[in-house]
Amino acid sequence: MLNYTLVFFYDREFLSVARLTSEWWIKNVPKDYIAYWDFNNKIIKILQLLQ
């Protein structure tokens, strides 16, 4: 995400990419903001349900 934001200074079209990426991250990151290595891992989803 940071790279998209930095590239924005050279190419204005990357701002929308940075925003979309950031919005996706905020919607999918766990409540404790510690990222999983794989957001689509079935085991992680099962463990989230058990909490």
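Provide the FRET efficiency to the nearest 0.05 for the residue 17-residue 37 pair, computing r from the beta carbons and using R0 = 25 Å.
The pair residue 17/residue 37 has a calculated efficiency of 0.65.
Give a quick list of trypsin sites (Lys or Arg not before Pro) in the chain that DSSP marks as loop, anything other than H, G, I, E or B, with at most 13 other Cβ atoms within 10 Å.
12, 31
When the helix-only estimate is applied to the chain (DSSP H runs of n ≥ 4, each -39,500 (n - 2.57), divided by the residue count), what is the mean residue ellipticity at 222 nm, nearest 500 deg cm²/dmol?
Values: 3 runs with 30 residues, N = 51.
Counting only the DSSP helices, I get -17500 deg cm²/dmol.
For the chain, which whole-number percentage of the solvent-accessible area (1.4 Å probe, protein heavy atoms only) is attributable to carbon and sulfur atoms?
Here it works out to 62 percent.
Taking chymotrypsin sites (Phe, Trp or Tyr not before Pro) that fall in a DSSP loop and have at most 12 other Cβ atoms within 10 Å as cut points, what is the longest piece of the chain between them? Each step should come with its number before you reach the end.
Values: sites that count: 9, 10, 33, 37.
Answer - 11-32.
Can you list the equivalent-ellipsoid semi-axes of the chain, largest first and in whole Å, using the square root of 5 times each Cα gyration tensor eigenvalue?
Values for the chain, descending: 30, 9, 8 Å.
In debye, nearest 20: dipole of the chain around its Cα centre with unit charges on the Cβ of K, R (+) and D, E (-)? Can you show the working numbers first?
Numbers: 6 positive and 5 negative charges, 42 e Å.
It works out to roughly 200 debye.
The values are calculated or read from the model by the stated rules, or taken from the named source; none is laboratory data. Just so we're clear, the structure is a prediction, and the values are computed from it rather than from any experiment. With ideal geometry, Cβ positions are generated from the backbone for all residues, glycine too; neighbour counts draw on all protein chains shown. Note: accessible area is taken over every heavy atom of the protein model, side chains too, but ligands, DNA and RNA are not part of it. Shrake-Rupley method; radii C 1.70, N 1.55, O 1.52, S 1.80 Å.
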